[in-house]
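Asker: The structure's right below; bear with me while I get my questions together.
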Amino acid sequence: MIIPVIIRQLALYIFVVILLVYAWKDWFKSLCGLILLTAIMYRYDFPTSFGGIQGLNIWNILFADIFLAWLVNRRRQGLLWDMPTNINVFLVLWLGVILVGWVRMMFDRSQLAHLTLGTLVSEQLINTIKWPIVGLLLFDGCRTLRRIKLALVCILLLFALFVVQIIRYVPPRVVFEPGRLTSRKNIQEDIGISINGAGKMVSGVPWAMLTIIPLLKKRKYKFFMCGASAASLYAVCLVGSRGAIVACGATLVLLCFLRWRRYLLLLPFMVLIIFVIFPGTKERIRFGFGTTNIAGEKDTDEYKVTSGRNEIWPFVIKKIYEAPIFGFGREAMLRTGLRATLKDEVSLYEAVTHPHQAYLEVLLDNGLVGFVIIVGLHMFILVYSTRLFVDRGDPLYTAAGGLALALVTGHLVTFMGGQSFYPREIDLGLWCAIGLMLRLYVARSCLAAGANGASIPSTHITEVITVSQTPLVWANS
């Protein structure tokens, strides 16, 4: 096994060196390579750091190189930052919330002695900010039709790589044989991401794949995309996260209500088919429901249904009331002694490093002020995505809007049972989809205004090709 690993790592180094050099000729294409690189960056055979230095790894080096190339290039071209004003404001406020919460944590590290200074800076600050930056770079770079299509393909390939890895490493018995969930640990051991994190990431992917179909002209490509959607749905079932399964279903219902209304009546049959084909998934969803209590009666075991979260949330909510406006800062679960309290009172300790509910985590760390800003940013993104998805003009609108809408909805639903609003590597595809969606939203707004300021309901972006010095240059090159 040593030789194949060495060969893979050598090929990886060559690929990264090419991207490092090529970034100064075309930073956007190197950025697309960086996005795809994310699918393997936490694998067991991926080099994690050089010289044991925190954060000094291949991905970060390439990201820094591309970021510098982007700065130099846009300054030379004199490009304008044309992000929608609402998003600009919320992004600045979001960054402020992240920085304030991090600074408050750094001034009170009494309960964080097990974390080094490098870890606190790298993991809690830099890694929180850098993933959205990739999406913003994608937004700024998608100024031609060719780049938009390249970005769309790149995002789909990123999710496809994750789906393929999940299908490869998680055996089919997880969904075909009830009670075989232990095999899901391969996701963390081989791919390097958590089970619930994988569930959040792929929860909206099956339907995101379907939103691309209007762009495809040939029938064989449409069938292929339907197959990719089915494979992604299978991956969701393999992950076995109930939050992800519920989010996947909720996302489909939302998309059907917004645009695919003719398929609403088919949803019950789809659920029935999945339960018949995948009995393991059916058992996973029903886990905790209909259990037999000591009296021999059928009952609902709330602890099993929530995986113990019902024991945690009351303590978290009580602590939130102690600082409801501004919260306690990052890592409040540890710094406030809440973890120790849970250990003493309900014998929960090892798994309780966060509230296991993203909305409660935001309230605990940042209070109502941070909650309004962070959740508000996601709500604006949801609204913009919906507007594009329901547009009947260019199919690019439907594709970009539907892609972002499916992913954001999946994330927002899974947040109810765990995960975090703080971006991580599994959220890179989401932020890239958001960047692409916002670029198409800006383009749609410009085209709707018309050259003479006249308002038009919709138009095809591919019909508008200009070589003017405006921020948007819809050329084919």
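Asker: Can you give the FRET efficiency for PHE50 and VAL164, using 1/(1 + (r/R0)^6), R0 = 25 Å, r = Cβ-Cβ distance, to the nearest 0.05?
Answerer: Values: r = 28 Å, r/R0 = 1.13.
Using R0 = 25 Å, I get an efficiency of 0.30.
Asker: Suppose only helical runs count, i.e. DSSP H with n ≥ 4. What mean residue ellipticity at 222 nm does that imply for the chain under -39500 (n - 2.57) per run, divided by all residues and rounded to the nearest 500 deg cm²/dmol?
Answerer: The helix contribution divided over the chain gives -20000 deg cm²/dmol.
Asker: Fewest to most neighbouring Cβ within 10 Å: what's the order for CYS226, CYS142?
Answerer: CYS226, CYS142
Asker: Something else now. VAL5 versus PHE107, label points 7 Å from Cα toward the beta carbon: distance in nm?
Answerer: If labels sit at VAL5 and PHE107, their model points lie 4.6 nm apart.
Asker: Which FRET efficiency value, to the nearest 0.05, is calculated for ILE133 and TYR263 with the Förster distance at 30 angstrom and r the Cβ-Cβ distance?
Answerer: Numbers: r = 37 Å, r/R0 = 1.23.
Between ILE133 and TYR263 the formula returns 0.20.
Asker: For the chain, just give the cysteines left without a disulfide-compatible partner, judged by no other Cys Cβ under 4.7 Å.
Answerer: Singleton cysteines: CYS142, CYS226, CYS237, CYS248, CYS256, CYS432, CYS446.
Asker: Calculate the spin-label point distance for LYS25 paired with SER445, positioning each point 7 Å from the Cα along the beta-carbon direction, and give it in nanometres.
Answerer: It is 3.6 nm.
Asker: If you take the charge dipole of segment 1-78 about its Cα centre, with +1 on Lys and Arg Cβ and -1 on Asp and Glu Cβ, which of LEU56, ASN73, ILE40 is farthest toward its positive end?
Answerer: Highest projection toward the positive end goes to ASN73.
Asker: Over 36 Å, how big is the tail of the calculated P(r) for segment 88-463, in percent of all Cα pairs?
Answerer: 27 percent
Asker: When the dipole is taken about the Cα centre of segment 303-403, and only Lys, Arg (+1) and Asp, Glu (-1) are charged at their Cβ, what size is it in debye, to the nearest 20?
Answerer: Here segment 303-403 has a charge dipole of around 80 debye.
Asker: Can you compute the modelled spin-label distance between GLN188 and LYS218, with each label point 7 Å from Cα toward Cβ, in nm?
Answerer: Spacing of the two 7 Å Cα→Cβ label points: 4.4 nm.
Asker: Next up: Please enumerate, by chain and number, the lysines with C-alpha under 26 Å from the C-alpha of LYS318, excluding those fewer than 8 residues away in the same chain.
Answerer: By straight Cα distance, LYS318 reaches LYS304, LYS343.
Asker: Looking only at segment 1-44, which residues have a backbone nitrogen under 13 Å from a spot 7 Å from the Cα of ASN57 in the C-beta direction?
Answerer: So the set is 37-44.
Asker: Given LEU363, PRO172, GLY308, which one lies farthest toward the positive end of the charge dipole of segment 88-463, if we put +1 on the Cβ of every Lys and Arg and -1 on the Cβ of every Asp and Glu?
Answerer: Projecting each Cα onto the dipole axis, the largest value belongs to PRO172.
Asker: Also, I was wondering about something else. Mean separation of Cα pairs under 8 Å and 6+ residues apart, divided by the residue count of the chain: what relative contact order is that in percent?
Answerer: 22 percent
Asker: Size of the dipole of segment 1-78 about the Cα centre, Lys and Arg at +1 and Asp and Glu at -1 on the beta carbon, nothing else charged, in debye to 20? It would help to have the intermediate numbers written out before the result.
Answerer: On the way: 7 positive and 3 negative charges, 58 e Å.
Approximately 280 debye in magnitude.
Asker: Still on this structure, please answer the following. For an R0 of 25 angstrom, estimate the FRET efficiency from the Cβ-Cβ distance between VAL383 and MET416 and round to the nearest 0.05.
Answerer: 0.80
Asker: Ok, one more. Would you work out which of LEU233, VAL413, PHE326 lies farthest towards the positive end of the dipole of the chain? Charges go on Cβ: Lys and Arg +1, Asp and Glu -1.
Answerer: LEU233
Asker: Could you derive backbone 3J(HN,Hα) for segment 280-286 from the dihedral phi with the Karplus parameters 6.51, -1.76 and 1.60 (θ = phi - 60°), listing whole Hz in sequence and x where the residue is Gly or Pro?
Answerer: x, 5, 4, 5, 4, 5, 8
Asker: Also, I was wondering about something else. Can you compute the charge dipole magnitude of the chain about its Cα centre, using +1 on each Lys and Arg Cβ and -1 on each Asp and Glu Cβ, nothing else charged? Give it in debye, rounded to the nearest 20.
Answerer: Result for the chain is approximately 1520 debye, rounded to the nearest 20.
Asker: Past 31 Å, Cα to Cα: identify those pairs from LYS29/LYS282; LYS25/LYS149; LYS185/LYS282, in the order given. All intermediate terms of the calculation are to be shown ahead of the outcome.
Answerer: Numbers: LYS29/LYS282 43 Å; LYS25/LYS149 19 Å; LYS185/LYS282 19 Å.
Going by Cα-Cα distance, LYS29/LYS282 fall outside the 31 Å limit.
Throughout, read-outs are computed from the coordinates displayed, never taken from laboratory work. Treat the numbers as computed from the prediction; the structure is a model and nothing was measured. Quick reminder, even Gly has a Cβ in these numbers, built from the backbone with ideal geometry, and neighbours come from all protein chains shown.
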